[in-house]
Amino acid sequence: MTIYRATVLDTPESPFTGGRLRSEQDAGILVQDGVIRARGSFADVTRDHAGEEIVDLRGGVLLPGFVDTHVHYPQLRVIGGIGMPLLDWLDRCALPEEARLADPAYARAVAGEFVHGLVAAGTTSALVFGSHFASAVDCLFAEADRVGLRVTAGLVVGDRVLRPDLLTTPERAHEEGQALATRWHGKGRLRYAVTPRFSLFASPELLESCAALSKDVDGAWFTSHINENVAEIQQVARQHRLAIDYLDTYDHYGLVGRQSVFAHNVHATERELAVLGAQQAAVAHCPTSNAALASGLFPLRRHVEYHIRVALGSDVGAGTGLSLLKEGLQAYFIQQLQQEAGLALTAAHLLHLATSAGADALGLDDVGDLSVGRQFDAVWVRPPVGSTLETALEHAQDPDDALAKVFALGGVADTAGVWVGGTRLLG
């Protein structure tokens, strides 16, 4: 057993429903076989468990591991393609790069960079948009399994509008998805997600194939894009003329439910919000991507009013990095810019969106906070000596202020340690 000594901050109860930041200045967390067995003051935990190994993490703060609910593995190398709206960015940046993953050697290299990048950013669980190539999805799963991350991912599919080298057929999509799920779903910390790119690129027959695969793979997740960009929404309406709205292009096939996560939803209608809330689907809010592509200002207040579960996604590579600290800060800015229509966020809200909300969205009921019985998935944020964040933390007025400073100033360079299931992956 191991006792971790640290200043610990987490949000076991949602601040959106009255919860507050939980903080302990000098906490002791006892971990055995990757699970938190005791938590309290360091003095009490060491008294009750004398003689156990102690890992001293004083300085900085210990947070739950971050949970990224929307990130594209093949797009890591095209971060920074600014100055374009969504559909232009796809054509000029994302899709040409994604086509390169047809080469297994190229895909293995990107998979290694991607998984390393997640760990370096403190992300311990992620819902990942895979590749259009089954061999590249194999590379992602193999690397995530080797490192030990919690990854839910799948084959990305589209059968129209896409460039020809990325197209599939409904039959091939089902066959390749089933084979990938057989190899990886439920192996270690891995799960499979049925992943049509978005309904603009998907025929009714392909969406039927996705629905069939969702039923054939027990416990599979579903993820796609929705309502990201006005031009995209207009094209979807033209492609799916019988649909009531964008969400209906998925809901018609039974793809909206408790195990569905939809990215963006910036321009949602009231009907779509009502359906998402009633069917307990989740939304991945991707703040830096929405800003970089000028997609719009996310209506968080309306989502909360409809009881829709919302968490953060980095949306790399349209997003500007893998750090959910950056996404949390941008989420705060976006709500501030909306003034009365926005939802005022505290640092506790940002931590919740980056951790426990993401765990809930992904159905990971044993991670998300650092309570007894949870897996020890954690990130130690300790800024370098002499950094502005170190100075700010030394002068923080209270735990909420310290956490606000972490979101305002923190980043990948401040990640001093990362654990998944009690195994240290960084630091």
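Using the Cα gyration tensor of the stretch 279-420, with a ≥ b ≥ c the square roots of its eigenvalues, what is the shape: rounded (a/c below 1.5), prolate (a/b larger than b/c) or oblate (neither)? Verdict is oblate for the stretch 279-420. Across the options Leu409, Leu207, Phe114, the greatest Cα extent toward the positive end of the charge dipole of the chain (unit charges at beta carbon of Lys, Arg, Asp, Glu) belongs to Phe114.
Between the stretch 54-85 and the stretch 122-143, the alpha-carbon centres lie 15 Å apart.
Note that the stretch 122-130 has calculated 3J(HN,Hα) couplings of x, 7, 10, 9, 8, 9, 10, 6, x Hz, one per residue in order, obtained from phi through the Karplus relation 6.51 cos²θ - 1.76 cosθ + 1.60 (θ = phi - 60°); glycine and proline are x. Residues in the chain average 37 Å² of solvent-accessible surface per residue, probe 1.4 Å, ligands and nucleic acids excluded. A crude spin-label estimate for the pair Asp33 and Ala237, with each label 7 Å from Cα along the Cβ direction, gives 5.6 nm. Against the criterion of solvent-accessible heavy-atom surface with a 1.4 angstrom probe, Ile79, Ile334 sort, most first, into Ile79, Ile334. Computed 3J(HN,Hα) for the stretch 370-381, one whole-Hz value per residue from the Karplus formula 6.51 cos²θ - 1.76 cosθ + 1.60 where θ = phi - 60°, is 10, 8, 4, x, 7, 5, 7, 9, 8, 10, 9, 9, glycine and proline marked x.
Once a ≥ b ≥ c are taken as the square roots of the eigenvalues of the Cα gyration tensor of the stretch 76-210, is the result rounded (a/c under 1.5), prolate (a/b larger than b/c) or oblate (a/b not larger than b/c)?
Working: a/c = 1.81, a/b = 1.13, b/c = 1.60.
The shape class here is oblate.
Of the heavy-atom accessible surface of the chain (probe 1.4 angstrom), what whole percent is carbon and sulfur? Looking at the chain in its full context, I get 51 percent from C and S. Find the relative contact order for the stretch 337-378 and round it to a whole percent, using C-alpha pairs within less than 8 Å whose residues are 6+ positions apart. Dividing the mean separation by the residue count of the stretch 337-378 yields 22 percent. Residues whose amide H comes within less than 5 Å of that of Gly317, counting only those at least five positions distant or on another chain, are His72, Gln75 (H built at 1.01 Å from N in the peptide plane). About its Cα centre, the stretch 101-193 has a charge dipole of approximately 320 debye under the convention of +1 per Lys or Arg Cβ and -1 per Asp or Glu Cβ, with nothing else charged.
Between Val372 and Thr346, what length in nm is gained on full extension when 0.36 nm per residue of separation is reduced by their alpha carbon distance? Intermediate values should be presented prior to the final figure.
Working: separation 26, 0.36 × 26 = 9.36 nm, distance 2.52 nm.
Contour length minus the Cα-Cα distance gives 6.8 nm.
Rounded to the nearest 5, what % of DSSP beta bridges with both residues in the chain are antiparallel? Spell out each step's value before the answer.
Details: 26 of 60 bridges.
Bridges in the chain that DSSP calls antiparallel: roughly 45 percent.
With the whole protein complex present, Lys405 retains an accessible surface near 50 Å², based on a 1.4 Å probe.
Please compute the contact order of the stretch 1-62 in relative form: average sequence separation of alpha-carbon pairs under 8 Å and at least six residues apart, divided by the residue count, as a percent. Could you put the intermediate results ahead of the total?
Numbers: 123 pairs, mean separation 26.7, N = 62.
That works out to 43 percent.
The values are calculated or read from the model by the stated rules, or taken from the named source; none is laboratory data. Fair warning: this is a prediction, and the values are worked out from it, not measured in the lab. Glycine also receives a Cβ, built like all others from the backbone with ideal geometry; neighbour counts cover every protein chain displayed. Protein only, heavy atoms only, side chains kept; ligands, DNA and RNA dropped before computing areas. Shrake-Rupley method; radii C 1.70, N 1.55, O 1.52, S 1.80 Å.
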